[in-house]
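Engineer: Below you will find the structure I want to go over with you.
Every read-out reported here was derived from the displayed coordinates using simple, explicitly stated rules and does not represent laboratory data. Treat the numbers as computed from the prediction; the structure is a model and nothing was measured. All Cβ positions, glycine included, derive from the backbone under ideal geometry; neighbour counts span all protein chains shown.
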There are 2 protein chains.
Amino acid sequence: MSDRLLVVSTDCHAGLPIHQYKPYVETKYHDFIDMAVDIQVDMMNKAEKQFLIKEINDEWRAPIEQELTGAWDYQERKKMLAKDGIAAEIVFPDGITEHNTPPFGAGLGLSPRDAVPELQWAGAMAHNRWLAELVANDPKRHLGVASIPLLFDVDQAIEAVRWCAENGLKGVMLPTLWGDHAPYHDKKYDPFWEVCQDLGIFIHFHSGPAPLNEYFGPDFPNEDRSESLPGAMGCYVSEVMFWLYRPLTFMLWGGVFERFPKLKAMVVEGGTLFMVPSWLTLLDHNYTDVHFSAKLGDFRSHLSMAPSEYFARNCGIGASCVPRRDLEMKDVIGVNQIMWGSDYPHPEGTWPHTQQYYTDTFKGFPQEDGKLILGLNAVDFYGLDGSYLRTLADEIGPSSSIFQ
Amino acid sequence: MSDRLLVVSTDCHAGLPIHQYKPYVETKYHDFIDMAVDIQVDMMNKAEKQFLIKEINDEWRAPIEQELTGAWDYQERKKMLAKDGIAAEIVFPDGITEHNTPPFGAGLGLSPRDAVPELQWAGAMAHNRWLAELVANDPKRHLGVASIPLLFDVDQAIEAVRWCAENGLKGVMLPTLWGDHAPYHDKKYDPFWEVCQDLGIFIHFHSGPAPLNEYFGPDFPNEDRSESLPGAMGCYVSEVMFWLYRPLTFMLWGGVFERFPKLKAMVVEGGTLFMVPSWLTLLDHNYTDVHFSAKLGDFRSHLSMAPSEYFARNCGIGASCVPRRDLEMKDVIGVNQIMWGSDYPHPEGTWPHTQQYYTDTFKGFPQEDGKLILGLNAVDFYGLDGSYLRTLADEIGPSSSIFQ
């Protein structure tokens, strides 16, 4: 038996350079897509100027420019996976965050703010078409997560999910923030949850989105208000996990997993695990405590289980870049809920130092739990082809000596 | 030496029946105040119908109707304090929540949503005038917290704070939610923090406010959508602590306590303490960790201390109705930050069973810490007259045998 580990990254990214999406966009939008993309790039550059330190990103990228093309080039991508020892990956949009994102604001987050629904749908489907081609290279190895702007139109989302299933995409990413649209406890989404359950499509919420205008000012990114709004970034990094887990709070209380017991949902890049135990405790506390909330009436009887029980049955965490300190909470969170991810090709990820990360993080960690977190949980959760991946892992997986 | 405990409730409420506020409202609003109040009462009744179980409130109130008039009747209030063994109290608006609230939506929460700024100011100042009369009965015993709709006008808020100081009100309650207005890291509020620091006025955020329209639907309370939005109340109770602590997140990162080191701020009815350790850990993690946020630039150098250190120096928690389980976290949170409150006269409070609460909650609890939490912390934080209150406590305070 091989001593190599079967590793699945539940958080990888892929996307074309934004100007190259045009052939994947419906022709009726071609007349103005170049202009729209130029505007989007200009906005992204402005946002980057305030939100990210361009020099750090540039410096980080300089020696690995060739490897970064794995964001869209399949041969380069295979090399990256081999180097990182990753047998299978879950693939989200936005390759090199600021440079590779679908047009019309259809990338990570799928923000409904200032979006034109028809155009965001067009951009999302363009990415989905390209993504279907990418994963077709080795469908058992790459699980593609389509962008679905669900908030705008449930019927269109259902149609898009059917298209995904027919075209080999097995996951969908939904907006993490709903803005002025209906939150996820609204029963209007039931037909969408139903089709996802029936077709075995996995729901994903990806970290990053937050109400940036509250932190950085109403005119962000057009106006730089860093002088008058000190600490805006501190607020952002302190709240971003709240916004990531919020959709699940609404789905859990809304009884979504009661009505659709086989629906599976992931929160991704949720590696700041130390917030999770108190979140679960709070949900269960509100489910069981009745004294202080007696005057609020019955808001529990539509649920047959406690929120943490639905979470354990239906949900998982894409624990990208998770540090050892947070992994120590595995038993409180549920060891089966934690699924590692590399976050390739983002600078906050473990790549290009993933092998070093394995050793640093898992040295002395219980081996069986480590195997679950690094890969076997994801094989089970997503129903991946374990024997196919085992063969790949035997060639490229990291050695189990990382636990010693 | 007396074995009676000096108890301070950091969360009590007082308010006139809403129709009786008229004499305290500027005469220029008298022409339409009755109509405005009728509309407000109608809205409150609608909200109560969806949000609260009227029968439970009514049943709870029936045997204590006389005692509830302590919300505005001073002699009744003194009896209540004696019965509860409370030597001093911090007094917030909204007596019997749904019946005693200032006109023009100027009560607990001070929601900016759908508010007419000029009118909310008028209602707030009406309450503040009445409150100044109430606390004048025994100013060392009652610390009145004025309603200040800061978001609408910083200059007007400064003027109001000066009025408070001149009229014996030592605390201000600010809106917990800011809606589309500037959050509390915005330097535009610096002149307000400065005047509060200089005049020794204490800042308060009171629990309760949350984006109800997200949970209960865009037309809440006019339209009952409980069928299509199951679990809305579960979402509310699971998020309300987030919204309460959110202003401090922004003030801490914004450097407010760096620039105004003597400013004091309380979060009140924050008794679900088990969220606090992870909140503090998260803030400090983001202050000290640099690897994953390197690309986000410097958002720390304007702070000379970690967020938890400002919290320990400048902030306190009005831990109303706090259960024993949460008190066990005292050392992680900081025992000096935790200040008990009775929440009179709200049904979720300890009143009218406060004496029973003392025994149930503090049996076997470390006595010195218990004394701090029940009163001595508040004496110190608010700079109350300890020897005056000691005399009162010697008459009415609960026995220290509650710790046995």
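Engineer: Once you have the Kirkwood Rh of the range B:47-93 from its Cα pairs, apply Stokes-Einstein at 37 °C and 0.692 mPa s and quote D in µm²/s. Show your work: numbers first, answer last.
Structural biologist: On the way: Rh = 12.3 Å.
It diffuses with D of about 267 µm²/s by this estimate.
Engineer: Calculate how many DSSP beta bridges within the protein assembly as shown are antiparallel, expressed in % of all such bridges and rounded to the nearest 5.
Structural biologist: Of all bridge pairs located within the protein assembly as shown, approximately 5 percent are antiparallel.
Engineer: If you don't mind, there's one more thing I want to ask. For the range B:1-123, what's the relative contact order in percent, using C-alpha pairs closer than 8 Å and at least 6 residues apart?
Structural biologist: The normalised contact order for the range B:1-123 reaches 42 percent.
Engineer: Quick check: residue separation of B:Arg325 and B:Glu159 times 0.36 nm, minus the Cα distance between them. What number comes out in nm?
Structural biologist: 55.5 nm
Engineer: Hey, another quick one. Given q = 0.14, 0.20, 0.26, 0.28 Å⁻¹, what are the Debye log10 I(q)/I(0) values for the range B:107-169, with equal point scatterers placed on the Cα positions and solvent ignored?
Structural biologist: Calculated log10 I(q)/I(0) at the listed q: -0.39, -0.74, -1.10, -1.21.
Engineer: Can you compute the radius of gyration and Dmax for the range B:116-263, using only the Cα atoms, both in Å?
Structural biologist: Both quantities, over Cα of the range B:116-263: 17.1, 51 Å.
Engineer: Pairs of alpha-carbon atoms within less than 8 angstrom and 6+ residues apart define the contacts here; what relative contact order does the range B:276-392 have, in percent?
Structural biologist: Computed value for the range B:276-392: 21 percent relative contact order.
Engineer: Continuing with the same structure: With an 8 Å cut-off on Cα pairs and a minimum separation of 6 or more residues, tell me the relative contact order of chain A in percent.
Structural biologist: Dividing the mean separation by the residue count of chain A yields 23 percent.
Engineer: How large is the direction-averaged shadow of the alpha-carbon convex hull of the range A:239-386, in nm²? Please list the in-between numbers first.
Structural biologist: Numbers: hull surface 40.2 nm².
Reported value for the Cα convex hull: 10.1 nm².
Engineer: Dimensions of the range B:1-54 along principal axes (Cα, Å, largest first)?
Structural biologist: Computed over the Cα atoms, the extents are 58, 34, 13 Å.
Engineer: Using alpha carbon coordinates only, what is the Rg to Rh ratio of the range A:154-232, with Rh defined as the Kirkwood radius?
Structural biologist: Here the Rg-to-Rh quotient is 1.15.
Engineer: For the range A:295-404, which GluC sites (Glu not before Pro) pass both filters: DSSP loop (anything but H, G, I, E, B) and at most 13 other C-beta atoms within 10 Å?
Structural biologist: Qualifying residues, ordered by number: A:Glu328.
Engineer: From Cα coordinates alone, what are the radius of gyration and Dmax values for the range B:28-183 in angstrom?
Structural biologist: Values for the range B:28-183 (Cα only, Rg and Dmax): 16.3, 46 Å.
Engineer: Label-point separation (nm) for A:Ser400 and A:Lys140, each offset 7 Å from Cα along Cα-to-Cβ?
Structural biologist: Spacing of the two 7 Å Cα→Cβ label points: 2.2 nm.
Engineer: Could I ask something else about it? Figure the gain on full extension for B:Asp284 and B:Asp385 (residue separation times 0.36 nm, minus the Cα-Cα span) and round it to one decimal in nm.
Structural biologist: Here the segment from B:Asp284 to B:Asp385 would lengthen by 32.9 nm.
Engineer: Once you treat every alpha carbon in the range A:65-120 as an equal point and sum by Debye, what is log10 I(q)/I(0) at q = 0.16, 0.17 Å⁻¹?
Structural biologist: Summing over Cα pairs of the range A:65-120 leads to -0.59, -0.64.
Engineer: Taking the DSSP beta bridges in chain A as the whole, what percent of them are antiparallel, to the nearest 5?
Structural biologist: Just about 5 percent of them are antiparallel.
Engineer: Separate question: Which of the pairs A:Lys78/A:Lys170; A:Lys78/A:Lys363; B:Lys22/B:Lys264; B:Lys49/B:Lys140; B:Lys140/B:Lys371 have their Cα atoms more than 31 Å apart in this structure?
Structural biologist: B:Lys22/B:Lys264; B:Lys49/B:Lys140
Engineer: Hey, if you put +1 on the Cβ of every Lys and Arg and -1 on every Asp and Glu Cβ in chain B, which of B:Ile333, B:Ala182, B:Gly318 ends up farthest toward the positive end of that dipole?
Structural biologist: Going by the Cα projections, it comes out as B:Ile333.
Engineer: Based on a Kirkwood Rh over C-alpha pairs, give the Stokes-Einstein translational diffusion coefficient of the protein assembly as shown at 25 °C and viscosity 0.890 mPa s in µm²/s.
Structural biologist: In µm²/s, the coefficient rounds to 87.
Engineer: Another one. Quick one: order A:Glu65, A:Glu26, B:Glu239, B:Glu76 by neighbouring beta-carbon count within 10 Å, fewest to most.
Structural biologist: Working: A:Glu65 9, A:Glu26 12, B:Glu239 19, B:Glu76 15.
Least crowded to most crowded, the residues run A:Glu65, A:Glu26, B:Glu76, B:Glu239.
Engineer: Return the equivalent ellipsoid semi-axes of the range B:8-403 as a descending list in whole Å, where each equals the square root of 5 times an eigenvalue of the C-alpha gyration tensor.
Structural biologist: That gives 29, 27, 23 Å for the three semi-axes.
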